[in-house]
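Asks: Take a look at this one; I'll ask things after.
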């Protein structure tokens, strides 16, 4: 990139940025649509060859002599977002004092409609203030964690420029006071930063005697600079520890350990990492845990060429981990082998399972038979992730039963009962984690609550940060550390928002305690939420709409960032969706949706109606979880 003395920009960067923005707009035009009525129609998404590699490298340029304050500030904002590791060129726009104080690593503010006040510089003036403002889209903190902006949130910061009075820049304008961190528009941010994940182990539940899956990894999403040694940056971000939000639910083998030197990947897809551990002798378990965390953190960035082996070494000793070994602790490993099977309940109460296309077959146990009991009348159900039990809520929302799917299982007494005064205000949203704990919402206006069911023990879950709002529904992640909550307003009205909370456990096996805290918005611009589902260990599928807009299907990261460039167009008649965490990493998550009393499955870019017996339509559906 080259900037002329008049401040006009020439060269590669503006044209490339324009190409990038145009390509994003073109990709965004590809939508998946569900018909407003009738059978689904095929809607193709345009594929752009090489689009995944379409990023523009940006080279910084130092200031020119004679630049006006406005030109100098524009040049600084360009240089600070360039692909330069140390920001040394950007600092040449600052006075010596400002350059020593400025911390570019403090975060990134992502703006829409970025603007600057036009400075009025009087003849002979030596100081001028310029405000940079815009609509805040989101922000990265100093730990690289993303936060979506609230509706209407604004950014405004003042830059003070002075005329140097001595030295080689005498008579030139330089920035003397400025906010820490960086400012980027959305195109610059997409071009310069990449969403990746670092991984930490879920904490052991002290109130559970079940050890199954205690070593599962939990994703912690961050954004890193795309072209500044991203593998080494990701490894160092992992060693620095989890985000403040996730920290209470996870632990890391990297406690005080630092990465030494760059991370390398050989032609045979082996990653090599060095740490400052003096000696790994007698610490093989610690080494293997570190290697597991590193493997998944680095593999997350490798795309279609994943690493097959990771070698970790200290000053003395080390260890290695293969892809197969790392898979045992992989995020989503608690989603269950039944995770890709679709379950649906017919209007006669019978529950069917369909591992793939076709009508499927009845589940084992009493729920696979035509309704023997009023409790089996269609309502809401959730299948345990191992397929061994089904949580069933009757149509009136009064009772919750847990029914086994074995041939010898029987219907039993309800494990939870609601005293809600009328249907539609009782129990809803049964959801299983990967260790067999069941969570359910009771919307009784007189006693709203969230409950954890562990065997025959029912535990009220403590909730923090509701601020008068009510829980209308929930979905728990398979690793059991995070919960997506659909919240209504303080009056218990229509669900208006979705937030994600941190699920932690305390107590003992005889007196377990569970609490949800750290609520944070995932989709602050959505004002009407119809349904929420986990679509991956780090991704939510949210059916909802912005104020006075059409209903859309949104793929959202657990940090609130958009997982796709554009939401998916759907029918206004769509009422609920379900997806699965259980899938191969290169597959699009399978999605089930109800629209106009029919169930559709999203396969690739097509909605296809799920075949069910004609004489008994399916009224509800679910993936395990």
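The values are calculated or read from the model by the stated rules, or taken from the named source; none is laboratory data. No experiment lies behind these values; they were computed from the predicted model shown. Neighbour counts are summed over all protein chains in view; Cβ atoms, including those assigned to glycine, are modelled from backbone coordinates with ideal geometry.
Asks: Looking at (1) in contact with a helix residue (DSSP H, G or I) (Cβ under 9 Å, 6 or more places away or on another chain); (2) surrounded by 18 or more Cβ atoms within 10 Å (Cβ to Cβ); (3) modelled with pLDDT under 95, find the lone condition where residue 83 falls short.
Replies: All conditions pass for residue 83, except number (2).
Asks: Also, I was wondering about something else. Which condition breaks for residue 112 when tested against (1) part of a strand (DSSP E or B); (2) touching a residue at least 40 places away in the same chain (Cβ under 8 Å); (3) surrounded by 15 or more Cβ atoms within 10 Å (Cβ to Cβ); (4) assigned by TED's automatic domain parsing to the domain that holds residue 69?
Replies: Status for residue 112: all satisfied but (3).
Asks: Also, I was wondering about something else. Which one is surrounded by the fewest Cβ atoms within 10 Å (Cβ to Cβ) among residues in the stretch 369-385 that are modelled with pLDDT of 90 or more and part of a loop (DSSP other than H, G, I, E, B)? First the steps, then the outcome.
Replies: The initial filter retains those residues of the stretch 369-385 that are modelled with pLDDT of 90 or more, namely 381-385.
Applying the additional criterion that residues be part of a loop (DSSP other than H, G, I, E, B) yields 384-385.
Numbers: 384: 23, 385: 25.
Within the stretch 369-385, the match that is surrounded by the fewest Cβ atoms within 10 Å (Cβ to Cβ) is 384.
Asks: Would you check which residues across the stretch 240-264 are free of Cβ contacts under 8 Å to residues at least 60 places away in the same chain and part of a strand (DSSP E or B) and list them? Give the derivation first.
Replies: Of the residues in the stretch 240-264, the ones free of Cβ contacts under 8 Å to residues at least 60 places away in the same chain are 241-242, 247, 251-264.
The answer is 251, 259, 260, 261, 262, 263, 264.
Asks: Mind checking which residues of the stretch 164-183 are closer than 18 Å to residue 129 by Cβ and not in a loop (DSSP other than H, G, I, E, B)? Break it down stepwise before answering.
Replies: Restricting attention to the stretch 164-183, the residues satisfying the condition of being closer than 18 Å to residue 129 by Cβ are 164, 172-180, 183.
Selection gives 173, 174, 175, 176, 177, 183.
Asks: Those residues that are within 22 Å of residue 472 (Cβ to Cβ) and in contact with a helix residue (DSSP H, G or I) (Cβ under 9 Å, 6 or more places away or on another chain), I need them from the stretch 391-406; list them, please.
Replies: 392, 394, 399, 401
Asks: Could you run through the stretch 526-573 and say how many residues are under 19 Å from residue 138 (Cβ atoms), in contact (Cβ under 8 Å) with a residue 24 or more places away in the chain and under 13 Å from the mean Cα position of the chain (by Cα)?
Replies: 12
Asks: For the stretch 415-437, which positions are more than 23 Å from residue 618 (Cβ to Cβ) and either crowded, with 17+ Cβ neighbours inside 10 Å or under 34 Å from the mean Cα position of the chain (by Cα) (or both)?
Replies: So in the stretch 415-437, the residues more than 23 Å from residue 618 (Cβ to Cβ) come out as 415-422, 425, 433-437.
Within the stretch 415-437, 415, 416, 417, 418, 420, 425, 433, 434, 435, 436, 437 meet the criteria.
Asks: Okay, moving on. Just one of 503, 543, 553 is buried (at least 18 other Cβ atoms within 10 Å of the Cβ), closer than 21 Å to residue 380 by Cβ and in contact with a helix residue (DSSP H, G or I) (Cβ under 9 Å, 6 or more places away or on another chain); which is it?
Replies: Working: 543 fails: in contact with a helix residue (DSSP H, G or I) (Cβ under 9 Å, 6 or more places away or on another chain); 553 fails: in contact with a helix residue (DSSP H, G or I) (Cβ under 9 Å, 6 or more places away or on another chain).
That would be 503, the only listed residue that is buried (at least 18 other Cβ atoms within 10 Å of the Cβ), closer than 21 Å to residue 380 by Cβ and in contact with a helix residue (DSSP H, G or I) (Cβ under 9 Å, 6 or more places away or on another chain).
Asks: From the list 498, 476, pick out the single residue that is buried (at least 24 other Cβ atoms within 10 Å of the Cβ) and closer than 21 Å to residue 546 by Cα.
Replies: Result of the check over 498, 476: 498.
Asks: Just checking, which of 484, 523 is under 19 Å from the mean Cα position of the chain (by Cα), under 23 Å from residue 594 (Cβ atoms), modelled with pLDDT of 95 or more and in the same structural domain as residue 443 (by TED's automatic domain parsing)? Break it down into steps so the answer makes sense when it comes.
Replies: On the way: 523 fails: modelled with pLDDT of 95 or more.
Of 484, 523, the one residue that is under 19 Å from the mean Cα position of the chain (by Cα), under 23 Å from residue 594 (Cβ atoms), modelled with pLDDT of 95 or more and in the same structural domain as residue 443 (by TED's automatic domain parsing) is 484.
Asks: Specify the residue that is modelled with the highest pLDDT; the eligible residues are those in the stretch 349-368 that are surrounded by fewer than 16 Cβ atoms within 10 Å (Cβ to Cβ) and closer than 24 Å to residue 408 by Cβ. Working first, answer last.
Replies: Taking the stretch 349-368 first, the residues surrounded by fewer than 16 Cβ atoms within 10 Å (Cβ to Cβ) are 355-359, 361-362.
Next, only the ones that are closer than 24 Å to residue 408 by Cβ stay: 355, 361-362.
Numbers: 355: 74, 361: 87, 362: 90.
Looking at residues that are surrounded by fewer than 16 Cβ atoms within 10 Å (Cβ to Cβ) and closer than 24 Å to residue 408 by Cβ, I get 362.
Asks: Return the residue satisfying two criteria in turn: it lies in the stretch 604-625 and is under 27 Å from the mean Cα position of the chain (by Cα) and closer than 13 Å to residue 342 by Cα, and of such residues it is modelled with the lowest pLDDT.
Replies: Top of the filtered list is 620.
Asks: Scan (1) modelled with pLDDT of 95 or more; (2) crowded, with 22+ Cβ neighbours inside 10 Å; (3) more than 22 Å from residue 274 (Cα to Cα) for the single condition residue 199 breaks and write down its number.
Replies: Checking residue 199 against (1) modelled with pLDDT of 95 or more; (2) crowded, with 22+ Cβ neighbours inside 10 Å; (3) more than 22 Å from residue 274 (Cα to Cα), the one that fails is (3).
Asks: Now for a separate question. Answer yes or no as to whether residue 500 is without any contact (Cβ under 8 Å) to a residue 60 or more places away in the chain and within 12 Å of the chain's Cα centre (by Cα). Before the answer, list the steps.
Replies: On the way: without any contact (Cβ under 8 Å) to a residue 60 or more places away in the chain: yes; within 12 Å of the chain's Cα centre (by Cα): yes.
It is true that residue 500 is without any contact (Cβ under 8 Å) to a residue 60 or more places away in the chain and within 12 Å of the chain's Cα centre (by Cα).
Asks: Continuing with the same structure: Tell me which residues, restricted to the stretch 461-471, are in contact with a strand residue (DSSP E or B) (Cβ under 7 Å, 6 or more places away or on another chain) and surrounded by fewer than 24 Cβ atoms within 10 Å (Cβ to Cβ). Explain how you work it out, then say what you get.
Replies: Just the residues of the stretch 461-471 that are in contact with a strand residue (DSSP E or B) (Cβ under 7 Å, 6 or more places away or on another chain), to begin with: 461-465, 469-471.
Those that are in contact with a strand residue (DSSP E or B) (Cβ under 7 Å, 6 or more places away or on another chain) and surrounded by fewer than 24 Cβ atoms within 10 Å (Cβ to Cβ): 461, 462, 463, 464, 465, 469, 470.
Asks: Of the residues 566, 509, which single one is touching a helix residue (DSSP H, G or I) at 6+ places or on another chain (Cβ under 6 Å) and farther than 23 Å from residue 610 by Cβ?
Replies: Details: 509 fails: touching a helix residue (DSSP H, G or I) at 6+ places or on another chain (Cβ under 6 Å).
Sole residue among the options that is touching a helix residue (DSSP H, G or I) at 6+ places or on another chain (Cβ under 6 Å) and farther than 23 Å from residue 610 by Cβ: 566.
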